[in-house]
Amino acid sequence: MKSFFAEIKLFVALGFSALLFCFLVTGMAVRSNIRSKSDERNNSILIGNSHPQCAVNDSLITGLVNLCTSGESYFWTYHKLKIVYESNPHIEHVILGISDNQMGPIMDTAIWSDKYLAKRLSAYLHFISLNEYPYFLKFNPTGFIKKSIGSIWKNASKLALFKHQFDDLGGFLALDKKLEINSTNSFPRKDSNSTAKKNLEYLMKIVEYCKVEDLELSLLITPKHKEYLNPYQVVEFINSRKKKGDEFYV
């Protein structure tokens, strides 16, 4: 019996060691090969969710790179901004998409839900800090552990096949179809206290990061159908930050 348990412990130890080794190796590979380098002639970046991703064709605007991603919360956008700026210190101007749907609690769910974790972690697992892990372990421990392991193996497989390009960080997406209007949207109303606390926390971090790095920050509100127009929390956020002395264009 003792021999059986010893073998189990050995198997677990070897498995953990292999996973740790893959984590460290893929971490170095992802940091070296993630597609974040931009032409030095591009001194502006656009970041945010699907609204600016589909609205702004950066091929038509000199000096701008659209790095938006559908369904992206500000948690992931914050880390994207840091990755891109550290690789491209020539960037001077950050344009951040902002809209009422980013204020609703569903955008906190977009940080840790299984729907988004696999793709986000394959790009960002090696960039988020250890003190951010407890947030995922609190709301989706099983999903975070499974998707983290999956992203490690996915990136390790790419290395084994000599595919050194890892998940990119977004880009312009042209829509060639008509979208139906859903009259029952889930955006918070003016009399609602329901907000995306973690998402707004990282929106503040983006503002602070730009301030520290002396980056010009503009907030972009893209046009929307009236059924989805509910800008009161966006206006409140902008006014509250300006009262604190933040400078940005809207």
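Quick notes on this structure:
- Near Lys146, once Lys and Arg are set to +1 and Asp and Glu to -1 for all other residues with Cβ below 13 Å from its Cβ, the sum equals +1.
- Take Ile45: with every protein chain present and a 1.4 Å probe, its accessible area is about 0 Å².
- Label-to-label distance, nm, for residues given as Leu175 and Asn131 (7 Å Cα→Cβ offset): 3.9 nm
- Phe127 contributes an accessible area of around 40 Å² to the protein surface, as traced by a 1.4 Å probe with all chains present.
- FRET E, pair Trp153, Lys115, Förster distance 22 Å, beta-carbon r, rounded to 0.05: 0.65
- Here the contact order of region 57-130, divided by its residue count and restricted to Cα pairs under 8 Å and six or more residues apart, works out to 41 percent.
- Note that region 78-85 has calculated 3J(HN,Hα) couplings of 4, 5, 4, 4, 5, 4, 5, 5 Hz, one per residue in order, obtained from phi through the Karplus relation 6.51 cos²θ - 1.76 cosθ + 1.60 (θ = phi - 60°); glycine and proline are x.
- Extreme residue, positive dipole direction of region 101-151, given options Leu137, Ser151, Ala110 (C-beta unit charges): Ser151
The values are calculated or read from the model by the stated rules, or taken from the named source; none is laboratory data. If you're wondering where the values come from, they're calculated on a predicted model, not measured in any experiment. Heads up, the Cβs are rebuilt from the backbone with ideal geometry, glycines too, and the neighbour counts pull from every protein chain shown. For the accessible areas, the whole protein counts, side chains as well, though only heavy atoms, and no ligand, DNA or RNA atoms are used. Shrake-Rupley method; radii C 1.70, N 1.55, O 1.52, S 1.80 Å.
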